Amino acid sequence: MFATQNQLNLPPGFEYIPDFLTVENHNSIFSALVDAEFWQQEPIQMFGKWVLQPRLTAYVGDPEARYSYAGAEQRIRPWTPELLRVRGQLEHEVANRLALPAVSFNGVLLNTYRTGEDGMGWHQDNEPELGREPVIASLSLGAPRRFSIRAKTGTARWDLTLEPGSLLLMHGRSQVDFQHSVPKTRLAVAQRINLTFRQIKPKGPLKS
Ligand SMILES: O=C(O)CCC(=O)C(=O)O
């Protein structure tokens with residue numbers, strides 16, 4: 001077991017589940033992903049300018065699960081055996097926790113934070129293909145990192161550490177009333193990988 005945080009008081013729509021993965025399971029997924037050939041540092045559009053994202057990314061999904069964010073359509077990579085295995089585990093857990101008959105994730109966005117200089121700015125996951133109140137299962141691997149949440153109105157803010165093997169479940173109004181970020185840090189931190197499993201509504205085939 002990894003060290004865990006208890007008694008977290010998060011806003012509605014956010015649920016933190018420490019120790020979702022066993023250490024063995026965590027280590028095997030982390031080591032399979034760390035050396036994957038698909039990682040890329042992609043440009044995104046910010047305030048009208050194209051800039052390189054401060055992290056490496058990849059997108060894995062079903063062929064129809066086309067997903068774009070910050071002006072860029074993601075190239076879809078095929079599911080790996082490790083990701084398929086953890087997807088099944090997550091679908092079961094999330095359906096139980098949210099008392100839903102079934103949950104099926106057809107895409108996962110992967111982020112690698114190489115050092116503390118990598119991060120993710122304030123945003124909400126509100127792309128049209130996610131629907132209005134998406135269910136997102138966010139799995140953390142590798143180094144712990146701070147995760148911050150702020151209300152879109154007012155000054156309320158929450159900070160937590162996402163530990164390796166933990167699951168952060170976001171649902172309900174989490175992407176409507178709140179924004180989240182992974183702040184950069186000057187502390188020496190090792191590599192972290194985050195996987196956000198999503199349910200993408202099909203947009204139709206790619207035009208050739
Ligand atoms: O790395 C994380 O924990 C957050 C990832 C995230 O916010 C996203 O993929 O939208």
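Rule-based calculations on the coordinates, nothing more; no lab input. Just so it is clear, the structure is predicted and the values come from calculations on it, not from any experiment. Here the Cβ positions follow ideal geometry from the backbone for every residue, glycine too, while neighbour counts run over all protein chains shown.
Overview of values
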read-out	value
Gyration tensor verdict on the chain (Cα atoms; rounded if a/c is under 1.5, prolate if a/b is larger than b/c, oblate otherwise)	rounded
Sites matching trypsin sites (Lys or Arg not before Pro) across region 100-208 that sit in DSSP coil, with at most 12 neighbouring C-beta atoms within 10 Å	132, 152, 186, 207
Relative compactness, region 97-207, computed as alpha-carbon Rg over 2.2 N^0.38 Å	1.13
Candidate lysines for bridging to residue 203, where Cα separation is under 29 Å - those fewer than 8 sequence places away on the same chain excluded	49, 152
Assigned charges on the beta-carbon of Lys, Arg, Asp, Glu; region 17-198 dipole about Cα centre (debye)	580
